[in-house]
Amino acid sequence: GNGWDGEPVAIWLTPDGRAFAAQTACPHAGHSLHLGDIEDFTGCPEVASSDLHAPVVACPAHLFAFELAAGRCLTNAKTPPANVYETRVDADGAVFVSPRPRFTADEARALPVPPRADADWIGERLVERGLERKFGADGL
């Protein structure tokens with residue numbers, strides 16, 4: 001075995017060398033988060049009031065977006081948060097993942113929900129960027 005006895009976890013690596021880990025099953029309907037698009041909206045003035053600290057991953061089934069720092073669903077406040085895990089990348093590029101979620105279920109549910117306007121903007125950008133990847137910027 002690999003020494004991992006927890007739930008299945010997906011790991012995303014960003015171009016700048018950061019790693020993020022979350023449960024693979026979307027908390028909304030169980031679809032595979034690891035097949036979803038990942039986008040980094042941190043620092044975007046359009047969603048500054050949401051206080052984003054990490055990229056978001058969008059479930060490919062319904063485009064529910066989960067922030068990879070806290071697991072909160074940014075596009076549907078009624079959806080439970082995804083389990084997210086602390087990660088560390090060593091000098092050789094190996095990724096280490098904590099065996100326990102970063103937050104308990106109660107802690108994650110207590111995190112602030114983004115304003116509806118921010119959620120709408122994030123959802124629209126995810127659709128737009130997904131279409132650009134599929135058809136190219138000129139194909140829209």
- List the number of the failed condition for Leu111; all other conditions in (1) in contact (Cβ under 8 Å) with a residue 60 or more places away in the chain; (2) assigned to a loop (DSSP other than H, G, I, E, B) hold. (1)
- Item | Single residue of Ala48, Ala65 found to be hydrophobic (A, V, I, L, M, F, W, C) and out of contact with any Leu (no Cβ under 8 Å at 6 or more places or on another chain) | Ala48
- Within the stretch 29-50, how many residues turn out to be within 11 Å of the chain's Cα centre (by Cα) and either of a type in the set (Lys, Arg) or open to solvent by 50 Å² or more (accessible area, probe 1.4 Å) (or both)? 4
- Task: State the number of residues belonging to the stretch 11-20 that are farther than 24 Å from Glu124 by Cα and either of a type in the set (A, V, I, L, M, F, W, C) or exposed (fewer than 13 other Cβ atoms within 10 Å of the Cβ) (or both).
- Result: 4
- Among the candidates His62, His53, residue that is in contact (Cβ under 8 Å) with a residue 24 or more places away in the chain, open to solvent by 70 Å² or more (accessible area, probe 1.4 Å), in a loop (DSSP other than H, G, I, E, B) and within 19 Å of Leu126 (Cα to Cα): His62
- Query: Is the stretch 90-105 home to any residue that is open to solvent by less than 20 Å² (accessible area, probe 1.4 Å) and either part of a loop (DSSP other than H, G, I, E, B) or out of contact with any strand residue (DSSP E or B) (no Cβ under 7 Å at 6 or more places or on another chain) (or both)?
  - Reply: no
- Task: For Cys73, state whether it is without any contact (Cβ under 8 Å) to a residue 60 or more places away in the chain and touching an Asp or Glu at 6+ places or on another chain (Cβ under 9 Å).
- Result: yes
- Query: When the residues of the stretch 72-89 are filtered to those that are part of a strand (DSSP E or B) and in contact with a Phe, Trp or Tyr (Cβ under 6 Å, 6 or more places away or on another chain), which remaining residue is most open to solvent (accessible area, probe 1.4 Å)?
  - Reply: Arg88
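The values are calculated or read from the model by the stated rules, or taken from the named source; none is laboratory data. On a predicted model such as this, the values are computed, not experimentally measured, just so you know. Glycine also receives a Cβ, built like all others from the backbone with ideal geometry; neighbour counts cover every protein chain displayed. Accessible surface is based on the protein model in full, side chains and every heavy atom, while ligands, DNA and RNA are left aside. Shrake-Rupley method; radii C 1.70, N 1.55, O 1.52, S 1.80 Å.
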